[in-house]
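Where a number appears in this text, it was derived from the coordinates with a stated rule and is not lab data. These numbers come from a predicted model, not from an experiment. All Cβ positions, glycine included, derive from the backbone under ideal geometry; neighbour counts span all protein chains shown.
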């Protein structure tokens, strides 16, 4: 099989138009976010919405729950959709919901969004107290059932403890190294070394707040960063997690940041005068643009095997190892 | 493979002791009730409880979602547990929950318990208005995803309409013919003819209120009734749905009858002076007693193939045909 193309994080306002763009772009699998602040029942409503998409567009997309589904999607000319949470809010304080959510197809769960959660500390808190009592139990349960721990939005100590506590490799599905662009959401060299040494995966984000020079970031700057990361951590631990939020109205980025946890406004990575979604860089507007990244990786000197891995092969290997019971 | 032994309805107070009795009795599969009046979240809690049983007792029981799981259970010396609702309360007014519940492993759903539901009329109501608008939509959705319509507690017209409306065979998982014992819960000849003519299945109940002479019902009376049913409807449409409520305290039968729908007491099939669970007949106390039924069926003249079918082969065929997408 030709190497798969996998984007391991999107939160677009999905529509038949975007599903067609996935097909036009040859995207074999996408990990989509189905919870930011949703409780369990609200998250199930989001799953119901996806079930309707699968029923209505069976020639474009299919539900993905295991690595084999990426292969089946490719063979049948479809895109496999995998589910993940950016916040553990759907499980609340009930560890039994980890397995229930896995049975419903959820394959990634961040232990925190930006704030302290019941499990760990988010990257916007002043104090990072690491994994909580429940956090340690939930990591073990996620390991048991085959749900991947994702620390994309978590704080430094919590992330290091999750890497250490987890018996299976974990992921940072969408972030970049802070030595390239020192955003609060980007990750330290220490975290990325620990992550990849333990077999974990880093998905590079193309969300402008995570990019050097933001929306003006050049493809070559992005790809030079990927090359440096490959030198430091090994190309086999790298993939894409674009964080594509295509077609979302600005009310959604407000929901992502504010949820129901504050009555005040929080601008997250934005500012009061730039509160909305930032414009994407010219070389990545939608699912048809992965070819640009591939060409950029060629230009900075990666060989074909390394590029195949970064564009999806590494995520597929990770899916193969991560999504089944321990 | 030797013919399987399947009990297509139990609501015991399950415990390792009962799971061991299932193994001692050679029971390959049991359909267990996980909702009487529970809403969606409460039903999920019941599923969480079962997940814990599966985790703690992997040598005795396993989660069953397809006919192949009965075969796998048999090959590995375990009992496969299938889930069903005796009331559509977990889906409320949300048709999207039909597929979600199917994804969680639910394979049977009664359109009503004893009362009017959002979908149809229960057998204790004065007026039976047949399937509701939502009821017709839900039957079609259950047909689509592979969840079996069960009319065990529904009223006559509703049951006939469900048989007619369903594009796939339906089930009455636990009831007996009313020509043998005229209980409100037992079924008319007209219903049973329509059910079986459409490929549906009847599971014979051993709950004393459904038996001629109640707890004193003899094995030969029960088996003669089965023989008469085979003559009328064909042995291939018959199975067991014992309705075993072993070890349940009487508070549970009150919950089954009263739920949260009334502040008054309702005795259901019981009476004020016999409000609790009735004692089971001497020949069927628990999962080790299916051999008695087999011997009783031999005594009334069934041949080996017919008995294999009634004891589980017919349910297995029905599982094979009923649990997948249309």
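Is region B:36-85 best put as rounded, prolate or oblate by its Cα gyration tensor, with a ≥ b ≥ c the root eigenvalues, rounded for a/c under 1.5, and otherwise prolate when a/b is larger than b/c, oblate when not?
Verdict is oblate for region B:36-85.
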Other-copy label distances relative to residue B:274, 7 angstrom Cα-Cβ extension, nm = 8.0
Mind giving me the nanometre distance, one decimal, between the label points for residue A:75 and residue B:320, set 7 Å out from Cα along Cα→Cβ?
-> 2.3
Write down the percent of antiparallel bridges among all DSSP beta bridges whose residues are both part of the protein assembly as shown, to the nearest 5.
-> 5
Pairwise centroid distance, computed over Cα atoms, of region A:32-91 with region A:1-28, Å | 12
Rg(Cα)/(2.2 N^0.38 Å) for region B:107-160, N = residue count | 1.02
Can you give the Rg and Dmax of region B:216-305 based on its C-alpha atoms, in angstrom?
-> 16.5, 51
Taking a ≥ b ≥ c as the square roots of the Cα gyration tensor eigenvalues, with a/c under 1.5 meaning rounded and otherwise prolate when a/b beats b/c or oblate if not, region A:1-102 comes out prolate
Packing-based exposure ordering (other Cβ within 10 Å, fewest first) of B:61, A:172 = B:61, A:172
Distances from residue A:42 to the same residue in each other copy, label points 7 Å out along Cα→Cβ, in nm, shortest first?
-> 2.4
At 10 °C and 1.306 mPa s, grab the translational diffusion coefficient of region A:6-322 from Stokes-Einstein with a Kirkwood Rh over Cα pairs, rounded to a whole number in µm² per second.
-> 82
Euclidean distance of C-alpha centroids, region B:278-309 and region A:170-242, integer Å | 66
Pairwise label distance in nanometres, residue B:41 with residue A:299, each label 7 Å out on the Cα-Cβ vector | 5.2
Once you sort the root eigenvalues of the Cα gyration tensor of the protein assembly as shown as a ≥ b ≥ c, which label holds: rounded (a/c under 1.5), prolate (a/b larger than b/c) or oblate (the other case)?
-> prolate
Is it possible to state the helix-based mean residue ellipticity at 222 nm for the protein assembly as shown, with each DSSP H run of 4+ residues giving -39500 (n - 2.57), the sum divided by total residues, to the nearest 500 deg cm²/dmol? What is it?
-> -11000 deg cm²/dmol
Could you grab the relative contact order for chain A? Cα pairs under 8 Å, six or more apart, rounded to a whole percent.
-> 21
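Evaluate peptide A:42-50: per residue, the Cβ atoms of other protein chains within 10 Å of its Cβ; return the mean as an integer.
Mean shielding count: 3.
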Copy-to-copy spacing for residue B:251, label 7 Å out on the Cα-to-C-beta vector, in nm, shortest first?
-> 4.6
Of all DSSP beta bridges located in region A:6-322, what percent are antiparallel, nearest 5?
-> 5
Which order results if B:258, A:298, A:139 are arranged by neighbouring Cβ count within 10 Å, fewest first?
-> A:298, B:258, A:139
Least to most buried among B:215, A:205, A:89, by other C-beta atoms within 10 Å and fewest first, runs B:215, A:89, A:205
